Amino acid sequence: MARSLSPRRKMMMTLSAWTVALIIFFPVLWMILTSFKTEVSAVASPPQLFTADWTLDNYAEVWARSDYPRFFWNSVVISVGSTLLGLAIAIPAAWAMAFVPGKRTKDLLMWMLSTKMMPAVAVMIPIYLIFLRTGLIDTRIGLVIALMLMNLPIIIWMLYTYFKEIPAEILEASRMDGASLWGEIVYVLTPMALPGIASTCLLNIILAWNEAFWTIVLTTTKAAPLSAFIASFSAPQGLFYAKLSAASAMAIMPILILGWFSQKQLVRGLTFGAVK
Amino acid sequence: MGQITLNQVRKSFGEVDVIPGVDLDIKDGEFVVFVGPSGCGKSTLLRLIAGLEDTTSGTISIDGKDATALPPAKRGLAMVFQSYALYPHMSVKKNIGFPLKMAGMDPAEAEKRIQRAASVLNLTNYLDRKPGQLSGGQRQRVAIGRAIVREPAAFLFDEPLSNLDAALRVGMRQEISELHQSLKTTMIYVTHDQVEAMTMADKIVVLNAGRIEQVGSPLDLYHNPKNVFVAGFIGSPKMNLIEGPEAAKHGAHTIGARPEHITVGDGPWEGVVGLSEHLGSDSFIKVDVPGIGIINVRGSGELGVHHGDRVKLNPAGKIHRFDANGLALA
């Protein structure tokens, strides 16, 4: 039964929701505002939320000083590439776990997820050395592999959840209808799980786009994505907050726009299967 | 052709023997119904024939060839599922045409077959719709259409009507029977509804705990049940089964009398009417007979007996006798 809220209670809840949302959004808002300030007003004490001398110079300078399109393109290749490669591995894996589970399938799923709990820095040295010796350092393919492996447990978990929602009888029907395993996955499973696959893609593109630890550790110049681009503005000459903010805004803008337009899909995907 | 032979087919899930070992011959063109209570293994047996489950041991032959190890697609069988199992993202036309696409059939020939199946099943006007836009009966027809386009060696039906309402179920039951008459293809039909079994089958296979209790024509099973289980399972309302001194009088451990074979009037059993249901064409009454128990009686619509009446019953119509092991006595 739907619970009806009194207008007063409803207002309180709306107010609380807005407060929480604003607290979460505040650092981003601060960064965007700072990106339009001069370096002097950016570090003014006490800090000012608004300033009188708005400027676009930071963006112009950041654009002129660095090769933004290259960083942007690297981010696109790395996030989309790692997601697609992840899907290619995760779809068959999740299919097997959802439809032909073994005795240890649940344990395996938990183990995969537990690897996400390990601090990345703990394996930094071995992974760095492996990448160095295999020539994967500062290559897009190297980062595609690294980020794919990093996000693979999440991709498999999400797809597993979506696949579990698909009635096994429909897949059996396709088998009776003469579909091979490949036919079953391509013609029946994938189209039926498409909304779930789309949400998984989106979430993983966002995760890969925002990833900053491995992208900075494993790249120098050639394959560096936007996260490294931001980091490059906090180096040798000191910290220039306004320029750093402009660079950060330029780095997050594409993914923010993508997230904005796909938020319905994302929320639907993340809560899929939670309510029957 | 659609001759199916099961030879000592066994299926176990871990330690549990679901099908302890079944032998069965299904002739080409026969309409065979597997019937039994929930959990008796009838659906498992059908899935073993379909290839959706692997046998633990034993062999399944289709048209004389060993099909035990063949995948479902290679057995030449088509199956209609309880939940219809239609592809929700495909139109009716694509659903029906899917097996033909998988078989790599020429699109022109596939189109012809789809149109023919749609016309047989009155689906021509719905070909562009998605399954979600169809009623339960129409969905079931699409599932049947998907099965018939393949022209399979045999059709397998897994409780196909149990999701339909009562009126639709009667209609679809007749449609499936008519389809069998016109196609003359072997059909294996699983149901727990013995009315479906009695009305549709050439041959009924009664299963209990994974074992075949009896195989025979519907009337054979009705008139000559081999044991107490079949006697109690076939027939509606259920046969009255009586043990104790009353059975001993007939030289048996258990006696059975069908409700429709007991007459109200003069007779050796006397009791008080409990429940009485008058359907117009029939009357169903439950009579509490001291020393015997509750006896179900089916009489004519004009029986005129009501709750609380004292009546005498005569089981002279036909008495079935069973020994202590539940087996029928000659």
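Kindly put B:Asp158, B:Asp63 in sequence by how many other C-beta atoms sit within 10 Å of each C-beta, fewest to most. Provide the component values of the computation, followed by the final result.
On the way: B:Asp158 24, B:Asp63 16.
Ascending Cβ contact count within 10 Å gives the list B:Asp63, B:Asp158.
Counting Lys and Arg as +1 and Asp and Glu as -1, what is the net charge of the other residues whose Cβ lies under 14 Å from the Cβ of B:Pro315? Mind showing how you got there, number by number?
Numbers: positive: B:Lys249, B:Arg258, B:Arg298, B:Lys312, B:Lys318, B:Arg321; negative: B:Glu246, B:Glu260, B:Asp266, B:Glu270.
Spelling it out: positives minus negatives among the neighbours equals +2.
Taking the alpha-carbon centroid of each part, what is the distance from region B:50-91 to region A:167-209 in angstrom?
Taking the Cα centre of region A:167-209 as reference, the centre of region B:50-91 is 22 Å away.
For chain B, with a Gaussian network of springs between Cα atoms less than 10 Å apart, report the residue from B:Glu15, B:Glu196, B:Glu159 with the top mean-square fluctuation.
Fluctuation is largest for B:Glu15.
Using just the helices of chain B, give the 222 nm mean residue ellipticity in deg cm²/dmol: DSSP H runs with n ≥ 4 each add -39,500 (n - 2.57), and the total is spread over all residues, rounded to 500.
Details: 9 runs with 89 residues, N = 330.
Theoretical 222 nm ellipticity from helices: -8000 deg cm²/dmol.
Please arrange B:Ile4, A:Ile89, A:Ile24, A:Ile78 by counting, for each residue, the other beta carbons lying within 10 Å of its beta carbon, fewest first.
With the fewest neighbours first, B:Ile4, A:Ile89, A:Ile24, A:Ile78 line up as A:Ile24, A:Ile89, B:Ile4, A:Ile78.
Show me, bin by bin at 5 Å from 0, the whole-percent P(r) of region A:7-59 based on Cα pairs.
Binned Cα distances yield the sequence 4, 19, 20, 15, 11, 10, 9, 6, 4, 1.
Divide by every residue of chain A the summed helix terms, -39500 (n - 2.57) for each DSSP H run of at least 4, and state the resulting mean residue ellipticity at 222 nm, rounded to the nearest 500 deg cm²/dmol. Before the final figure, lay out each step's value.
Working: 13 runs with 185 residues, N = 276.
That comes out to -21500 deg cm²/dmol.
What is the log10 of I(q)/I(0) for region B:146-264, computed with the Debye formula using one identical point scatterer on each Cα and no solvent, at q = 0.17, 0.21 Å⁻¹?
-0.93, -1.24
Could I get the Rg over Rh figure for region B:125-206? Both from C-alpha atoms, Rh via Kirkwood, rounded to two places.
Using only Cα positions, Rg/Rh for region B:125-206 is 0.96.
So for region B:59-179, what percent of the C-alpha to C-alpha distances run longer than 19 Å?
Counting every Cα pair in region B:59-179, those more than 19 Å apart make up 48 percent.
Equivalent ellipsoid semi-axes for chain B, as square roots of 5 times the alpha carbon gyration tensor eigenvalues: give them largest first, rounded to whole Å.
The answer is 43, 25, 14 Å, longest axis first.
Give the average, rounded to an integer, of partner chain Cβ atoms located within 10 angstrom of each Cβ in A:181-190.
2
So how compact is region B:179-330: Cα radius of gyration and Dmax in angstrom?
17.1, 54
Name the residue from B:Ala50, B:Ala231, B:Val142 whose Cα lies farthest towards the positive end of the charge dipole of chain B, charges +1 on Cβ of Lys and Arg and -1 on Cβ of Asp and Glu.
Farthest towards the positive pole: B:Val142.
Return P(r) of region A:66-270 (all Cα-Cα pairs; 5 Å bins starting at 0; whole %; ordered from short to long distances).
In order of increasing distance, the bins hold 1, 7, 14, 16, 17, 15, 12, 8, 5, 3, 1, 1, 0, 0 percent.
Rank B:His261, B:Ser12, B:Ile62 by how far each Cα sits towards the positive end of the charge dipole of chain B (+1 on Lys, Arg Cβ; -1 on Asp, Glu Cβ) and give me just the farthest.
B:Ile62
Using Cβ counts within 10 Å as a stand-in for footprinting exposure, how do B:Arg129, B:Arg298 rank, fewest first?
Placing the least packed residue first, the sequence is B:Arg129, B:Arg298.
Please give the charge dipole size of region A:66-270, origin at the Cα centre, charges +1 on K and R Cβ atoms and -1 on D and E Cβ atoms. Round to the nearest 20 debye.
Numbers: 13 positive and 9 negative charges, 78 e Å.
The calculation lands at about 380 debye.
What percent do you get for the relative contact order of chain B when only Cα pairs under 8 Å and 6+ apart count?
Relative CO of chain B lands at 17 percent.
Would you mind getting the Kirkwood hydrodynamic radius of region A:1-152 from its Cα pairs, rounded to one decimal in Å?
Computed over region A:1-152, the radius equals 21.1 Å.
Let me have the relative contact order for chain A, percent, based on Cα pairs under 8 Å that are six or more residues apart.
The value is 30 percent.
To the nearest 20 debye, what charge dipole does chain B have about its Cα centre, counting +1 at the Cβ of each Lys and Arg and -1 at the Cβ of each Asp and Glu?
940 debye
Please state, as a whole number in µm²/s, the translational diffusion coefficient that the Stokes-Einstein equation yields for the protein assembly as shown at 10 °C and 1.306 mPa s, with Rh defined as the Kirkwood radius across alpha carbon pairs.
52 µm²/s
Exceeding 26 Å between C-alpha atoms, which entries from my cross-link table qualify? They are A:Lys264/B:Lys130; A:Lys103/B:Lys74; B:Lys203/B:Lys318.
Long pairs (Cα-Cα over 26 Å): A:Lys103/B:Lys74.
Give the span of region B:2-51's Cα atoms along each principal axis, as three whole-Å numbers ordered largest to smallest.
Over region B:2-51, Cα extents along the principal axes are 36, 22, 17 Å.
Return the whole-Å distance between the Cα centroid of region A:21-82 and the Cα centroid of region B:213-266.
88 Å
From Cα coordinates alone, what are the radius of gyration and Dmax values for region B:237-322 in angstrom?
Expressed in Å, the Cα Rg and Dmax of region B:237-322 come to 12.2, 38.
Can you give the net charge of the other residues whose Cβ lies under 13 Å from the Cβ of B:Glu196, counting K and R as +1 and D and E as -1? It would help to have the intermediate numbers written out before the result.
Values: positive: B:Lys42, B:Arg169, B:Arg173; negative: B:Asp158, B:Glu159, B:Glu175, B:Asp193.
That works out to -1.
Under a Cβ-Cβ cut-off of 14 Å, what is the net charge of the residues other than B:Val149 that fall near it, where Lys and Arg count +1 and Asp and Glu count -1?
Net of charged neighbours comes to +4.
Only the coordinates and a few stated rules stand behind these numbers; no lab work does. Fair warning: this is a prediction, and the values are worked out from it, not measured in the lab. Virtual Cβ from ideal backbone geometry, glycine too; neighbours counted across all protein chains shown.
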